[in-house]
Structures are given as C-alpha cells and as structure tokens.
Amino acid sequence: MLHDIGMVKVPVEILRAPRSLTSQEFERVKLHTTLGYRIMTENKEFGYLAAHAALEHHERVHPHEAIRYLGASAGRFDQRLVRRLALRMASYPNGTFV
C-alpha cells in the first residue's frame with residue numbers, strides 16, 4: 001500500500017503538471033522509489049520487506065534475464081557467486097505463466 005510513498009517528496013507542481021514532463025522533471029519523479037525507501041528505513045515501524053517493495057516496485061528484470069546478464073559479464077562479477085545465485089533462484093517464480 002505504501003509503494004509510492006516517495007511521491008510525497010516530489011513537488012506537487014510536477015505531479016499535477018497539465019503537460020508532458022521535462023526530462024529533468026521525469027528524472028525527479030523516478031527518484032520516488034529511492035525516496036520512499038529512505039522514508040521507510042528511517043522509520044522503524046516499517047519492515048525490511050516493505051522498504052524494499054517501495055524501492056523495487058518498478059523493476060522489470062525477469063530472473064532468468066538477470067542471471068544471463070550476470071553470466072555474460074564475466075569480468076565484472078564473480079562467476080562462482082553468479083552460479084550459486086542461479087542455483088538458488090526459482091526457475092519459475094510465483095506468478096509466472098508456464
């Protein structure tokens with residue numbers, strides 16, 4: 001329910017703009033995930049999972065695509081850790097249509 005709580009830190013003029021946003025305004029709106037995470041981690045009444053839901057609610061990377069990316073970036077990531085991560089990830093996470 002609080003995934004967009006960071007929007008309280010975005011100026012109302014941007015949120016209610018009757019036109020397309022400028023690139024700077026759009027970048028400001030995109031910060032709402034990070035701002036929401038900060039709000040929730042600074043307030044101990046919210047849990048870890050709720051804070052991460054606010055931070056990551058616009059992420060669109062499928063698990064198999066993320067593993068493929070990490071594996072293809074051999075020079076940037078420790079491949080032993082990538083393999084360990086891949087073994088622990090669900091092949092078909094909840095909500096996946098098979």
Under the Karplus relation with 6.51, -1.76 and 1.60 and θ = phi - 60°, whole-Hz ³J(HN,Hα) for the range 72-79, x at Gly and Pro, equal 6, 9, 4, x, 9, 10, 5, 5
Options (1) -0.80, -0.92; (2) -0.69, -0.89; (3) -0.42, -0.64 for log10 I(q)/I(0) by the Debye sum over Cα atoms at q = 0.13, 0.16 Å⁻¹; the value derived from the coordinates is listed as (2)
Whole-Hz Karplus couplings 3J(HN,Hα) for the range 6-23, θ = phi - 60° and coefficients 6.51, -1.76, 1.60, Gly and Pro as x, run x, 5, 5, 8, 8, x, 4, 4, 6, 5, 9, 4, x, 8, 5, 6, 6, 4
Expressed in angstrom and rounded, the centroid-to-centroid distance over alpha carbons for the range 1-56 and the range 57-92 is 27 Å
Two pseudo-spin positions, 7 Å from Cα along C-beta at Thr34 and at Asp78, lie apart in nanometres by 2.6 nm
Once phi for every residue in the range 80-93 is put through the Karplus expression 6.51 cos²θ - 1.76 cosθ + 1.60 (θ = phi - 60°), the whole-Hz ³J(HN,Hα) values, with Gly and Pro written as x, are 4, 6, 4, 5, 5, 4, 4, 5, 9, 7, 6, 5, 10, x
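What part of the accessible area of the chain, given as a whole %, is carbon or sulfur when the probe is 1.4 angstrom? Could the numbers behind the result be given before it?
Working: 4660 of 8130 Å².
It is 57 percent, rounded to a whole number.
Between Tyr92 and Asp4, how high is the FRET efficiency from 1/(1 + (r/R0)^6) when r is the Cβ-Cβ distance and R₀ = 22 Å? Nearest 0.05. Can you show the working numbers first?
On the way: r = 29 Å, r/R0 = 1.30.
With a Förster radius of 22 Å, E is 0.15.
The values are calculated or read from the model by the stated rules, or taken from the named source; none is laboratory data. Bear in mind the structure is a predicted one, so any value in this text is a computation, not a measurement. Here the Cβ is made from the backbone with ideal geometry for all residues, glycine too, and neighbour counts use every protein chain on show. Only protein heavy atoms, including side chains, enter the accessible area calculation; ligands, DNA and RNA are left aside. Shrake-Rupley method; radii C 1.70, N 1.55, O 1.52, S 1.80 Å.
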